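S.K.: Okay, handing you the structure first.
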Amino acid sequence: MAEFSEDVMGVVTERIEDRFQMPLADLRQAVKAAPQANPDATSVVHWYGLLAETQDALDAAEDALVEALGTQPGELDDAVMELAHQVNAAVTVRDGRVMVVNFLLDPHAAGKRAPGAWRGGAPAARRAPALPTAAPALPGARAVPARGVTR
């Protein structure tokens with residue numbers, strides 16, 4: 001299972017290095033020296049660090065599960081099932097963090113376009129509100145008198 005985790009981390013590292021045109025270690029040093037210089041790089045390095053921590057936790061959980069499975073033939077007890085659940089949870093967290101890093105690396109991802117980059121300019125400048133925003137006018141005197149009311 002460690003081979004798969006190395007592949008995931010390797011692919012993500014390669015994407016980061018391609019995006020920023022420098023080795024990851026150099027990017028980390030640059031972000032540490034000047035975190036405000038490139039907010040995109042700072043975000044990617046932050047989330048990559050979280051991803052690496054999660055991957056380490058996943059590797060440890062997998063190792064513990066493999067060890068427990070090797071010592072207990074037959075039906076699995078609650079302790080081994082708990083280890084399996086920990087592995088599943090760690091995989092979910094790792095995959096979520098990979099998705100965040102991939103989102104940060106993709107300049108064309110949904111939701112990353114500036115308002116002025118929309119077709120036709122900013123949405124508010126293109127059209128009026130979809131719903132009326134003014135309070136409705138109150139009706140004046142009734143045209144038809146109510147029954148039993150004399151004027």
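We did not get these values from a lab; they are worked out from the coordinates using the rules stated. Small disclaimer: the values here were computed from a predicted structure and weren't measured. Cβ atoms come from the backbone with ideal geometry, glycine included; neighbour counts cover every protein chain shown.
S.K.: Can you compute the modelled spin-label distance between GLU14 and ALA84, with each label point 7 Å from Cα toward Cβ, in nm?
M.R.: Going from the GLU14 label point to the ALA84 one covers 3.3 nm.
S.K.: Can I ask one more? Please work out how much length the chain gains when fully extended from PHE103 to ARG28, using 0.36 nm per residue of separation minus the C-alpha to C-alpha distance, in nm with one decimal.
M.R.: Extra length from PHE103 to ARG28 when fully extended: 25.1 nm.
S.K.: What is the sum of charges, Lys and Arg at +1 and Asp and Glu at -1, for the other residues whose Cβ falls under 9 Å from the Cβ of LEU51?
M.R.: Residues close to LEU51 contribute a combined charge of +1.
S.K.: Per-residue HN-Hα couplings for segment 7-13, Karplus 6.51 cos²θ - 1.76 cosθ + 1.60 at θ = phi - 60°, whole Hz, x for Gly and Pro?
M.R.: Going residue by residue, I get 5, 4, 5, x, 5, 5, 4 Hz, with x marking Gly and Pro.
S.K.: How far, in nm, would the chain grow between LYS112 and HIS46 when pulled straight, counting 0.36 nm per residue and subtracting the alpha carbon separation?
M.R.: Computed gain between LYS112 and HIS46 is 21.9 nm.
S.K.: Enumerate the calculated ³J(HN,Hα) couplings along segment 93-108 in order (Karplus 6.51 cos²θ - 1.76 cosθ + 1.60, θ = phi - 60°), each rounded to whole Hz, writing x wherever the residue is Gly or Pro.
M.R.: Computed from phi, the couplings for segment 93-108 are 5, 4, 5, x, 6, 4, 4, 5, 4, 4, 4, 5, 7, 8, x, 9 Hz.
S.K.: Label-point separation (nm) for ALA57 and ASP95, each offset 7 Å from Cα along Cα-to-Cβ?
M.R.: It works out to 1.7 nm between the two label points.
S.K.: By how many nm would the segment from GLN36 to ALA64 grow when fully extended, if each residue of separation counts as 0.36 nm and the alpha-carbon distance is taken off?
M.R.: 6.1 nm
S.K.: Using the Karplus equation 6.51 cos²θ - 1.76 cosθ + 1.60 (θ = phi - 60°), what ³J(HN,Hα) coupling, rounded to whole Hz, does each residue of segment 40-50 give in order, writing x for Gly and Pro?
M.R.: 5, 5, 4, 5, 5, 5, 4, 5, 5, x, 5
S.K.: In debye, nearest 20: dipole of segment 4-54 around its Cα centre with unit charges on the Cβ of K, R (+) and D, E (-)?
M.R.: That gives segment 4-54 a dipole magnitude of about 240 debye.
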